[in-house]
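Have a look at the structure below before the remarks.
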Amino acid sequence: MHDLTRVVAQNYRDNYKKQRNYTYIERDVEKSIGGNGQAKSTEIKTYEIVEIYGEQVRRLIEKDDKPLDAKEAAKEEERIQEIVDKHKNESEEDRKKRLEKEAKRREESSKFVTEVADSHDFRLIGTELVDGREAWVIDGEPRPSYEPQDNEAKFVSKFRGRLWIDKDDLQLAKMDIEAVDTASVG
């Protein structure tokens, strides 16, 4: 399982580099779990990911699987226009600095993915269909003795999760993460 998760982590890093060349849709589902283990609330946000002057930008397009109302959509368009205006007039030197900083952030994020693969013990649960494709279902529990190599990964041990890995292309098809301890991010 460890070797498989490392291959999937490498594929994820490769995808992360490639995705900058594409516009795509991202759907995030966040569930708040009560003390009884049942979902108290669910929030779903759908984004269109676009590139604006070399920067990937998330444009909110739906909440709870419903299009934004006119006021929210206008506010989101105003936010996007501010990004366009900010970058439209930036100097070549400023743009270069910004893109270098973004590349460094992406590289650090890439290290983080490897930490996840190394910091958990993984166990095969079975197989399921995800979007009509067969996937391995794998549970990951934090390894108590793991010492993070990267400062950004210190909170990784506060989460456990279930992964669905496509059997054919060894890509992460779905992920369900649960906090098992208090974690401050940001």
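The values are calculated or read from the model by the stated rules, or taken from the named source; none is laboratory data. Everything quoted here is computed from the prediction, not taken from an experiment. Note: ideal-geometry Cβ built from the backbone for every residue, glycine included; neighbour counts use all protein chains shown.
Results, tabulated for the structure shown:
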{"quantity": "From the options Glu72, Glu43, residue that is at pLDDT 85 or above, in a helix (DSSP H, G or I) and in contact with a strand residue (DSSP E or B) (Cβ under 8 Å, 6 or more places away or on another chain)", "calculated": "Glu72"}
{"quantity": "Selection from segment 12-55 of residues that are more than 30 Å from Asp69 (Cβ to Cβ) and in contact (Cβ under 8 Å) with a residue 60 or more places away in the chain", "calculated": "Tyr12, Arg13, Asn15, Tyr16, Lys17"}
{"quantity": "Exclusive hit being surrounded by 15 or more Cβ atoms within 10 Å (Cβ to Cβ), out of contact with any Phe, Trp or Tyr (no Cβ under 7 Å at 6 or more places or on another chain) and more than 22 Å from Phe122 (Cβ to Cβ), set Glu51, Glu62", "calculated": "Glu62"}
{"quantity": "Residues (more than 16 Å from Arg13 (Cβ to Cβ) and either exposed (fewer than 14 other Cβ atoms within 10 Å of the Cβ) or modelled with pLDDT of 90 or more (or both)) located in segment 91-113", "calculated": "Ser91, Glu92, Glu93, Asp94, Lys96, Lys97, Leu99, Glu100, Lys101"}
{"quantity": "Segment 10-35, residues that are assigned to a strand (DSSP E or B) and more than 14 Å from the chain's Cα centre (by Cα)", "calculated": "Lys31, Ser32, Ile33"}
{"quantity": "Of the criteria (1) assigned to a helix (DSSP H, G or I); (2) loosely packed, with under 11 Cβ neighbours inside 10 Å, which one Val116 fails", "calculated": "(2)"}
{"quantity": "Unique match (being under 30 Å from Tyr53 (Cα atoms), hydrophobic (A, V, I, L, M, F, W, C) and in contact with a Lys or Arg (Cβ under 8 Å, 6 or more places away or on another chain)) among Ala103, Ala173, Ala179, Ala117", "calculated": "Ala173"}
{"quantity": "Qualifying residues in segment 46-69 (those that are closer than 27 Å to Ala103 by Cβ and among the acidic types (Asp, Glu)) - the one modelled with the lowest pLDDT", "calculated": "Glu55"}
